[in-house]
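What follows is one structure encoded as structure tokens, with my remarks underneath.
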Amino acid sequence: MPSSMAGPHVRMTSVSCIVRHNSPSKEVCCRVISCSPGTFVQPCQHNMTSDVCLPCAATSYLLDSTNSSVQYPCIKTNCPPEATTSTAFSRYGCRLRCKCDEERGYYGKDPWSCKRIVDKKNKVRNII
């Protein structure tokens, strides 16, 4: 596959290949690729085809580039129950890709210290 057809997250190398063990009875030789941050390597299934870069799930991330030779898995974001997944790391508290879940009434800067504020009429209110 020419590099122009490889997609925005893929950089093809030369005709190098590596051997993979997909099952105890089958070895597959795959063309080596490099994947951008936010994507992981999906091994090829047929000889002399290329591995594929796929995006991490919405609840996971990968900050580093990865490639067929040194494959890094996506890291699952484990947010506290009062928080939700965020596209950016919190600048407060633990460095997680989480933020307080304001849609459920939780507020605060640190995703590990989200507070739910309810007024006397049982309405959630904003912290100022």
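Some points to look at:
- The set of residues in the range 65-84 being under 15 Å from the mean Cα position of the chain (by Cα), farther than 30 Å from residue 30 by Cβ and surrounded by fewer than 18 Cβ atoms within 10 Å (Cβ to Cβ) consists of 78 alone.
- Search result, residues across the range 94-106 that are surrounded by 15 or more Cβ atoms within 10 Å (Cβ to Cβ) and part of a loop (DSSP other than H, G, I, E, B): 96, 97, 101, 105
- Of everything listed in (1) at pLDDT 90 or above; (2) buried (at least 17 other Cβ atoms within 10 Å of the Cβ), the single unmet condition for residue 54 is (2).
- Where residue 81 falls short, out of the listed (1) at positive phi; (2) of a type outside the set (D, E, K, R); (3) modelled with pLDDT of 90 or more: (1)
- Residue list for the range 38-77, filter: closer than 22 Å to residue 90 by Cβ and of a type in the set (Asp, Glu): 64
- Residue 94 vs. criteria in contact with a Pro (Cβ under 6 Å, 6 or more places away or on another chain) and not basic (Lys, Arg): no
The values are calculated or read from the model by the stated rules, or taken from the named source; none is laboratory data. Remember, predicted model here, so these are calculated numbers, not experimental data. Glycine gets a Cβ as well: all are built from the backbone with ideal geometry, and neighbour counts include every protein chain shown.
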